[in-house]
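K.L.:
The structure under discussion is supplied below as structure tokens; questions concerning it will follow.
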Amino acid sequence: MKKNSYIVICGAVLFLIFLSVGTLLKEDVSFSPNENRYLQEKPEFSGENILSGRFAEQAEKYLSDQIIGREGWVAGKSMTEAALGIFDMNGVYLCKDGRVVERFTEETFDWSQYKRNLQQISQLKEICDQEQIPLDLLMVPTAAYVYKDALPVHALTFDEDKAFAQAETIVQKSLIDLRKVLIDENKYPTFFKTDHHWTGYGAFLAYQAYMERLGADVSQMSYEDTEPAALSDEFKGTLYSKVLLSTLGMDTIMTPSMALEANYKVSIEGKEYDSLYFNDYLKEKDKYAVYFGGNYDRVDVDTESENGEKLLIIKDSFANSFVPYLLDDFHKITMVDTRFYRDDISALAKEYDRVLILYSVSNLAEERLNLTQALLK
């Protein structure tokens, strides 16, 4: 064997030893701000864990999460794949317009869970109808659908038109369809380029669609009329964290100036605040949490609006940037997140004048709604 071959083999062995020893000796990281998730901790070495297979499973995930220089490896892998023309990586697509969007396919979209959630919404609607409380479903399409012309060639998706048709069949006239609104109105981006949420402009278009459903004349109202203000122009969202490509630009988080200047009271977990903006998060990786500081079981916003109606929003995180546009239109706005709320939502709904369910179509296929009975605490 030639001397150069020995050098290559020895170098590879030393490199693997460095990775293994370095990973085991370095201090574990419990949370990744860049990925906005908790990382796998060292698995417990026990007979039960070994026999059940949990130890091997957790050990593999531990080594993946805690490997030394992990973010550098992710970025290097992404740069290499992008240079080779691979645009499907780590659950996202790299699009032609310099954005990344989440990948949802027929295999990953849970049609059964989606239908069950729509049936839950339909059952809650029947309860609200009995109380003469209007209920609407504001369903957000995926960014992959809105920007489908920018997707890489042969990108796999799911039949999103079928999903909306199914929603229209089950909840009927309660559905507010945002597909055409978010696609046709392209004056500004409607979704962030590095995150799965909609932009301030996308939230404004949804606000217009909702107010039109309520009978308000907002057709002449423009986005500029809200005097949009930038909260941060250095936002790199959760999708950026999946690829860590330095070639991706930063997003700007916008919100209406009226919401920054209005007087209102926000109640979260027994504490009261005079703003729905938590500016400390603008210094963190998850800058979208500037809205309300994240997601909670229940958030109450009492405004000084002369409109006496009370609105209950059953929501995912898309609602957080949507609510600022509603402050002049309702006397009280309550947001409920079914992932954390454990009381009976159908009973709560009877205390309000209107109910709005604001969910992305993808989350309706991933999460389990429980709208017609209380969950055990």
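K.L.:
Packing-wise, with mean Cβ within 10 Å as the measure, how do 301-310, 115-124 rank, highest first? Don't skip to the answer; put the middle values down first.
P.N.:
Numbers: 301-310: 14.8, 115-124: 19.2.
The most tightly packed comes first, giving 115-124, 301-310.
K.L.:
Name the shape class, rounded, prolate or oblate, that the alpha-carbon gyration tensor gives for the stretch 176-303, where a ≥ b ≥ c are the square roots of its eigenvalues, rounded holds for a/c under 1.5, and otherwise prolate holds if a/b is larger than b/c and oblate otherwise.
P.N.:
Working: a/c = 1.77, a/b = 1.04, b/c = 1.70.
Verdict is oblate for the stretch 176-303.
K.L.:
Could you give the length gained by full extension between SER257 and GLN119, i.e. 0.36 nm per residue of separation minus their alpha carbon distance, to one decimal place?
P.N.:
Full extension from SER257 to GLN119 adds 45.9 nm.
K.L.:
Under a plain spin-label model, where a point goes 7 Å from the Cα along Cα-to-Cβ, how far apart in nm are VAL218 and ALA165?
P.N.:
3.0
K.L.:
While we're looking at this one, here's another question. Mind ranking TRP198, TRP111 by accessible surface for me, highest first, 1.4 Å probe?
P.N.:
TRP111, TRP198
K.L.:
Okay, next question. If I model a spin label as a point 7 Å beyond the Cα along the Cα-Cβ vector, how far apart are those points for THR105 and HIS154 in nm?
P.N.:
Each label point is offset 7 Å from its Cα along the Cβ direction, giving 1.2 nm.
K.L.:
Going by amide H atoms built from the backbone, whose H comes under 5 Å of the H on VAL92, apart from near neighbours?
P.N.:
Here the answer is ARG103, since their amide H atoms fall under 5 Å of that of VAL92.
K.L.:
Under a crude label model (7 Å from the Cα following the beta-carbon direction), how far is ASP343 from LYS310 in nanometres?
P.N.:
Spacing of the two 7 Å Cα→Cβ label points: 1.0 nm.
K.L.:
Once you have a ≥ b ≥ c as the square roots of the Cα gyration tensor eigenvalues for the stretch 111-173, tell me rounded if a/c is under 1.5, and otherwise prolate or oblate according to whether a/b is larger than b/c.
P.N.:
Cα axes put the stretch 111-173 in the prolate bin.
K.L.:
Under the classification rounded if a/c is under 1.5, otherwise prolate if a/b is larger than b/c and oblate if not, where does the stretch 89-141 fall, given a ≥ b ≥ c as square roots of the Cα gyration tensor eigenvalues?
P.N.:
Note, shape of the stretch 89-141 comes out oblate.
K.L.:
At 0.36 nm per residue, and after removing the present C-alpha to C-alpha distance, how many nm does the segment from GLU284 to ALA56 gain when stretched out fully?
P.N.:
Stretched out fully, the GLU284 to ALA56 stretch lengthens by 78.7 nm.
K.L.:
So if R0 is 22 Å, what FRET efficiency would TYR296 and LYS187 give, r being the distance between their Cβ atoms, rounded to the nearest 0.05?
P.N.:
Using R0 = 22 Å, I get an efficiency of 0.10.
K.L.:
Sticking with this one: What does the charge count near LYS287 come to, summing +1 for each Lys or Arg and -1 for each Asp or Glu among other residues with Cβ under 13 Å from its Cβ?
P.N.:
Local net charge: -4.
K.L.:
Would you grab the residues whose amide H sits under 5 Å from the one on ILE314? Only those 5+ places off in sequence or on another chain, please, with H modelled 1.01 Å from N.
P.N.:
Correct list: VAL336, LEU356, ILE357, LEU358.
The values are calculated or read from the model by the stated rules, or taken from the named source; none is laboratory data. From a predicted model like this one, the values you see are computed outputs, not experimental measurements. Positions of Cβ are backbone-derived with ideal geometry, glycine not excepted, and every protein chain shown enters the neighbour counts. For the accessible areas, the whole protein counts, side chains as well, though only heavy atoms, and no ligand, DNA or RNA atoms are used. Shrake-Rupley method; radii C 1.70, N 1.55, O 1.52, S 1.80 Å.
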